[in-house]
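K.L.:
Please find one structure pasted underneath; my questions will follow.
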Amino acid sequence: MNKASSTSDDILACARKLIVAGGYNGFSYADISETVGIRKPSIHHHFPSKVDLVQTLVARYTEAAQQGIASLEENVSDPLELLRAYIGYWATCIEDDSAPFCICALLACEMPILPEPVALEVKAYFRFLSQWLVSVFERAAQAGQVTLHRRPVLEAEVFMATVHGAMLSARATGNVQVFGAVMNSHLEQVTAKR
């Protein structure tokens, strides 16, 4: 890896941590400069504006999620196990603090104030995640593994909202176990036979 891509990656990693800590407006290039140990003009060289920086961050986040889901799909054929693996991924991230919160969920909370290019990237992430979850719920229903209480698209939206809400509850209470408890309860509900 060359120095330029390493510096760019360091800037993006720092921006991600700062967004998790304080949101879109909760950081500046001065914060990144201090944390990464580079001058602000160097940051502007890689990302001319904060919009460019966060737009790139969200686009890369979405690409990584797409790659992760593709890998998951290659390795797990059972739809219910896909849901469990997705929950397990976030449970681990929350417990070990490696990715304690979905960056797009955090930014979605700020949607009314986000610059349009950033908002469009956040929406693209949610479209991708929703489409994948719809397909998983459809496959799980066809296999008789889940009981759909609503159309698959709504079931996927409820699941996605529950995941993000459970993240928020774990964060608000300072109890990482809350996430698993909420998600296990939700899975029990959708797998229960009527």
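The values are calculated or read from the model by the stated rules, or taken from the named source; none is laboratory data. Because the structure is a prediction, the values reported are computed rather than measured. All Cβ positions, glycine included, derive from the backbone under ideal geometry; neighbour counts span all protein chains shown.
K.L.:
Cβ-Cβ below 8 Å, separation at least six or inter-chain, first residue in the range 122-138 and assigned by TED's automatic domain parsing to the domain that holds E110, second among the aromatic types (F, W, Y) and modelled with pLDDT of 95 or more: which pairs?
P.N.:
Y125/Y61; L133/F159; F137/F159
K.L.:
Here's another thing I want to ask about it. Go through P152, P100 for me and flag whichever is outside the structural domain of N25 (by TED's automatic domain parsing) and either under 19 Å from F27 (Cβ atoms) or of a type in the set (D, E, K, R) (or both).
P.N.:
Just a single option satisfies the conditions, and that option is P100.
K.L.:
Additional query: Against the definition (within 15 Å of Y125 (Cα to Cα) and touching a residue at least 12 places away in the same chain (Cβ under 8 Å)), how does A59 come out, yes or no?
P.N.:
So A59 passes the test.
K.L.:
Which of (1) farther than 24 Å from M160 by Cβ; (2) out of contact with any helix residue (DSSP H, G or I) (no Cβ under 7 Å at 6 or more places or on another chain) is the odd one out, the single condition C14 does not satisfy?
P.N.:
Against the list (1) farther than 24 Å from M160 by Cβ; (2) out of contact with any helix residue (DSSP H, G or I) (no Cβ under 7 Å at 6 or more places or on another chain), C14 comes up short only on (2).
K.L.:
Still on this structure, I have one more. When residues of the range 1-55 are filtered for being closer than 16 Å to A108 by Cα and of a type in the set (S, T, N, Q), how many remain?
P.N.:
So the answer is 2.
K.L.:
Answer yes or no as to whether S130 is of a type in the set (S, T, Y), surrounded by fewer than 18 Cβ atoms within 10 Å (Cβ to Cβ), assigned to a helix (DSSP H, G or I) and over 14 Å from the mean Cα position of the chain (by Cα).
P.N.:
Against the criterion (of a type in the set (S, T, Y), surrounded by fewer than 18 Cβ atoms within 10 Å (Cβ to Cβ), assigned to a helix (DSSP H, G or I) and over 14 Å from the mean Cα position of the chain (by Cα)), S130 does not qualify.
K.L.:
Considering only residues that are in a loop (DSSP other than H, G, I, E, B), of a type in the set (A, V, I, L, M, F, W, C) and touching a residue at least 60 places away in the same chain (Cβ under 8 Å), which ones fall in the range 64-112?
P.N.:
F101, C102
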